[in-house]
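The values are calculated or read from the model by the stated rules, or taken from the named source; none is laboratory data. These numbers were taken from a predicted model, which means no experiment stands behind them. A quick note on method: Cβ atoms are made from the backbone with ideal geometry, for glycine too, and the neighbour counts reach across all protein chains shown. The accessibility values were calculated without ligands, DNA or RNA, using every heavy atom of the protein model including side chains. Shrake-Rupley method; radii C 1.70, N 1.55, O 1.52, S 1.80 Å.
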Amino acid sequence: MVKRVIAILLSITMLTLGFTGCGSSENEIEIDEDVLSVNSFLPTDKYVKKLGRTEETDKGLWLAYSGSGAEFSFNGTKATITLLGDDTINSEDWNSVPRVAIYVNDELVVDEMLMEESTSFTVFESETAQDCVIRIVKLSETGNSTMVIGSIEVEAYGAIKPTEDKEHTIEFIGDSITCGYGVDAEDQNSSFSTRTENASKSYAYLTAQLLDADYSLVSKSGHGIITGYTSDGTIQSWGVLSDYYESFGSGSGTVDGVTPDSVKWDFKNNPVDLVVINLGTNDYSYTGSDADKQNEYKTAYIEFIKQVRDDNPDAYIICALGIMGNELYPMVEAAVSKYVTETGDEKVTSFEFEVQSSSDGYGADWHPSAVTQEKAAQSLSEFIQEWLGW
């Protein structure tokens, strides 16, 4: 059983426990690996493996995009994770607060909404020391709220350690489908809530698992190549994902007054092997079958491929579409073909997902069900294996 306890303030923790990993050598303590002791760590590169786009702050590791998080290993008898909310916690919009999962040795032990400014979870407790791998994953998206991994307290032999990097890393750029929007909802009649968002059930997260790859999700509901979702056929300029692609995150949630879109992402020190672009479902709400508007989408798509290539000079790129409708897929193919012809860049290709079926059910607001997401992951992973030999 997971024991949920109210967090001790970090300042008190640092006074009463050996606190390590603050980014300052004077705060570090020497830990004897032969002695079982209680120590608390901030989630820095020295102690955790970062999952997706993250940002170190004075409070801890900031998580914005879906699927972002941290993973570490230790040998010990107890582990407690302290998580912090951003300023949206105080709004009491309980359909927008972060949803988080914590796994111990791949077993889900926490699946909670963060309702307090600071909350602690005792995720592992044993009478005898055991080897453990703990993974913390933000299940909800950046547009509604962000969160911080504040501290990691363990009773262990030695310090916690980052897990090893996988052989490959995949970045997924997308909209609500990639976020896992509504995948845990009862049916299509349910409305949006971060409570039913689950990045761990999205095709992106599942594809990375199938290929045993590290991942990063850069996704936001309602966004597209030239417009956000529109109900009246007019361009929604707020919803162009390229505007946020080079940032750590986006959305209204702030930490110490800093917005996630104001923090630039470091591509050079965070290279990926493959980028999967899955954008166009929201654009179709604007283009419809209008040929001129579809060509507008194609032209902008080519420019986005160029942007992604500039930021990821060595990565392969897959331009995908189709799960919630394949009407614009011919424009994706045309954009890729023209881009490759003009640039000679043969590390770019296209991929068409199978359109979701009513027999597989739906998530909130007609979004993909868990079954649909699993099928999409299977087909995409098979394509990647065939194309790249992974």
Which condition number in (1) outside any strand (DSSP E or B); (2) touching a residue at least 24 places away in the same chain (Cβ under 8 Å); (3) farther than 28 Å from ALA335 by Cα is the one that GLU186 fails? (2)
Please go through the range 276-286 and give me each residue that is without any contact (Cβ under 8 Å) to a residue 60 or more places away in the chain and either touching an Asp or Glu at 6+ places or on another chain (Cβ under 8 Å) or among the aromatic types (Phe, Trp, Tyr) (or both), ordered by number. TYR284
When the range 197-228 is checked residue by residue, the ones that are β-branched (Val, Ile, Thr) and over 15 Å from the mean Cα position of the chain (by Cα) are ILE225, ILE226, THR227
Could you tell me which of the residues ASN282, ASN326, ASN278, ASN295 is touching a His at 6+ places or on another chain (Cβ under 7 Å) and of a type outside the set (D, E, K, R)? ASN282
Being touching a strand residue (DSSP E or B) at 6+ places or on another chain (Cβ under 9 Å), surrounded by fewer than 22 Cβ atoms within 10 Å (Cβ to Cβ) and among the small types (Gly, Ala, Ser) is the filter here, so list the residues in the range 370-388 that pass it. SER379
The range 322-353 - residue that is among the small types (Gly, Ala, Ser) and out of contact with any helix residue (DSSP H, G or I) (no Cβ under 9 Å at 6 or more places or on another chain) and, of those, surrounded by the fewest Cβ atoms within 10 Å (Cβ to Cβ): GLY344
Identify, by number, the condition in (1) aromatic (Phe, Trp, Tyr); (2) surrounded by fewer than 24 Cβ atoms within 10 Å (Cβ to Cβ); (3) within 22 Å of ASN270 (Cβ to Cβ) that TRP238 doesn't meet. (3)
Counted residues in the range 344-374 being free of Cβ contacts under 8 Å to residues at least 24 places away in the same chain and part of a helix (DSSP H, G or I) come to 4
Assess whether ILE173 counts as being in contact with a helix residue (DSSP H, G or I) (Cβ under 9 Å, 6 or more places away or on another chain), crowded, with 23+ Cβ neighbours inside 10 Å and of a type outside the set (Asp, Glu). yes
If I ask for residues that are outside any strand (DSSP E or B) and either within 13 Å of the chain's Cα centre (by Cα) or modelled with pLDDT under 95 (or both), which ones from the range 145-162 would you list? SER145, THR146
Among all residue pairs at least 6 apart or on different chains, which show Cβ distances below 6 Å where the first residue, located in the range 115-126, is farther than 21 Å from GLU92 by Cβ and the second is small (Gly, Ala, Ser) and in a strand (DSSP E or B)? VAL123/ALA79; PHE124/ALA79
Considering every residue within the range 258-266, establish whether at least one is surrounded by 17 or more Cβ atoms within 10 Å (Cβ to Cβ) and in contact with an Asp or Glu (Cβ under 7 Å, 6 or more places away or on another chain). yes
Of VAL218, VAL154, VAL183, which residue is buried (at least 19 other Cβ atoms within 10 Å of the Cβ) and either of a type in the set (Phe, Trp, Tyr) or within 14 Å of TYR65 (Cβ to Cβ) (or both)? VAL218
Any idea how many residues of the range 309-342 are over 20 Å from ASN295 (Cα atoms) and assigned to a helix (DSSP H, G or I)? 3
What number of residues within the range 268-299 are of a type in the set (Gly, Ala, Ser) and either touching a strand residue (DSSP E or B) at 6+ places or on another chain (Cβ under 7 Å) or not in a helix (DSSP H, G or I) (or both)? 3
For the condition under 23 Å from GLY180 (Cα atoms), in a loop (DSSP other than H, G, I, E, B) and either open to solvent by less than 40 Å² (accessible area, probe 1.4 Å) or touching a Cys at 6+ places or on another chain (Cβ under 6 Å) (or both), what is the one hit in GLY249, GLY233? GLY249
